[in-house]
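Here is the structure we will look at, set down as structure tokens.
The values are calculated or read from the model by the stated rules, or taken from the named source; none is laboratory data. These numbers were taken from a predicted model, which means no experiment stands behind them. When we count neighbours, we look across all protein chains shown, and the Cβ atoms used for this are built from the backbone with ideal geometry, even at glycine. Heavy atoms of the whole protein, side chains included, go into the accessibility calculation; ligands, DNA and RNA do not. Shrake-Rupley method; radii C 1.70, N 1.55, O 1.52, S 1.80 Å.
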Amino acid sequence: MTFLPLMMSDKPDGTEGDASILTKTKTKTQRPPLYKVMLLNDDYTPMEFVVHVLERFFGLNHAQAFEIMLTVHKKGLAVVGVFSFEVAETKVAQVMDFARRHQHPLQCTMEKE
Ligand code: TYC
């Protein structure tokens with residue numbers, strides 16, 4: 001929040017006599033930071049499992065999920081979505097827990113955008 005001093009003339013001719021000072025309050029709206037959720041490649045997690053994860057936790061259709069899975073497989077990682085801190089944290093935890101329960105080494109991480 002910034003206070004901008006405003007000099008006000010108190011005489012009809014516009015000159016300063018006994019000058020009064022008004023302050024104007026300027027409120028800057030702050031956007032909450034966003035976080036990229038990324039999936040990392042590995043040599044062991046089956047492709048179909050990754051596709052299933054993308055459909056289940058990120059609401060992607062089969063074609064979108066397959067495309068992102070292939071990007072991760074070829075490039076090493078891909079952003080699978082951008083969320084608020086709380087939502088990103090939940091997605092990462094859900095994916096990591098699901099992978100662990102199925103004994104796959106799939107890694108999911110988040111990073112400030
Ligand atoms: N590289 C894996 C394989 O060949 C497939 C895979 C894709 C694994 C994406 C993880 O995030 C991943 N079976």
| Taking region 53-91 as the region of interest, how many residues are under 20 Å from His102 (Cα atoms) and touching a helix residue (DSSP H, G or I) at 6+ places or on another chain (Cβ under 8 Å)? | 12
| task | Name every residue in region 22-75 that is open to solvent by 80 Å² or more (accessible area, probe 1.4 Å) and within 11 Å of the ligand (Cβ to nearest atom), in order of residue number. | result | Asp43, Tyr44, Glu48, Phe66, His73, Lys74, Lys75
| field | Residues of region 90-110 satisfying the condition of being more than 13 Å from the ligand (Cβ to nearest atom) and free of Cβ contacts under 8 Å to residues at least 24 places away in the same chain | value | Thr90, Ala93, Asp97, Arg100, Arg101, Gln103
